[in-house]
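Single-structure report; data block below.
The values are calculated or read from the model by the stated rules, or taken from the named source; none is laboratory data. Because the structure is predicted, anything quoted here is derived from the model rather than measured. Neighbour counts run over all protein chains shown; Cβ positions are idealised from the backbone, glycine included.
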Amino acid sequence: MDKRFITILVVIILAIAGLFIFTNKKNSSSGSTTSTNTGVSNHTEGNSSSKVHLVVYGDFQCSVCEQMYPIETQVLQKYLGQITFTFKHFPLDSAHPNARAASRAAEAAGLQGKFFEMHDLLYGNQNLWINSSNPQTIFDKFATSLSLNITKFDADFSSGAVNSTINADYQEGVSKGVDGTPTYFLNGTKLNNENIFSVDQFSAVIDQAIKNASK
């Protein structure tokens, strides 16, 4: 066989092999990037077109958050057609050892469309799980009451993706100056909790924001 032909054939084979290896590496790299790329949560209710946006960074084990919960609930019932409300995770792990597990439960429920339903159960029944050595068993009961797929709920509860979302919310809060819970922002302005610690006080602040937004 002609040596020139053999040389050309070898070059072609090596080129094809190199292209195959390069393509495999590229696909492997792309898959890794996609699977680890997570962002902040997106748990919002109310009037999505509103110019008034209330955001809270909360810790489900926080006693002040639990005190604010009924006030917040009444305010949202009053204004939910006029404002947008968003919840963000901010578990204070060192002070509240079960807070992250609760955020995991809420986030896992959210993956089945029941974030705020779990949110309400966690705050409304805080005394049942805050001192538990295994709060997940209680969260499973909450999930069952919401008719969630428990197998999926438990898998999502333990997943790295859910934990990454919680961490992303926390880091976003830190970047905005959040250092405790609950921390509320109304149209980007941080609120003083002392000025909203009743339905009337909170309503007055929101009324003013709605008035300003209509100008």
Options Phe153, Phe139: the member that is aromatic (Phe, Trp, Tyr), free of Cβ contacts under 8 Å to residues at least 40 places away in the same chain and more than 21 Å from His53 (Cα to Cα): Phe139
Some residue of the range 149-169 being touching a strand residue (DSSP E or B) at 6+ places or on another chain (Cβ under 8 Å) and within 22 Å of Gln74 (Cβ to Cβ): no
Residues satisfying the stated conditions in the range 80-120, i.e. more than 22 Å from Asn149 (Cβ to Cβ), among the small types (Gly, Ala, Ser) and surrounded by 20 or more Cβ atoms within 10 Å (Cβ to Cβ): Ala99
Subset of the range 147-156 (residues that are surrounded by fewer than 16 Cβ atoms within 10 Å (Cβ to Cβ) and in contact with a Phe, Trp or Tyr (Cβ under 9 Å, 6 or more places away or on another chain)): none
Residue check, Gln77 at pLDDT 95 or above and surrounded by 13 or more Cβ atoms within 10 Å (Cβ to Cβ): no
Those residues of the range 157-214 which are acidic (Asp, Glu) and either more than 20 Å from Met118 (Cα to Cα) or exposed (fewer than 14 other Cβ atoms within 10 Å of the Cβ) (or both), in sequence order: Glu172, Asp179, Glu194, Asp200, Asp207
In the range 161-189, the residues that are free of Cβ contacts under 8 Å to residues at least 40 places away in the same chain and over 23 Å from Ser50 (Cα atoms): Asn167, Gln171, Val174, Ser175, Gly177, Asp179
Residues located in the range 21-69, provided they are modelled with pLDDT of 50 or more, farther than 19 Å from Ser103 by Cα and not in a strand (DSSP E or B): Asn47, Ser48, Ser49, Ser50, Lys51, Val52
Condition met for Ile71 (touching a residue at least 24 places away in the same chain (Cβ under 8 Å) and β-branched (Val, Ile, Thr)): yes
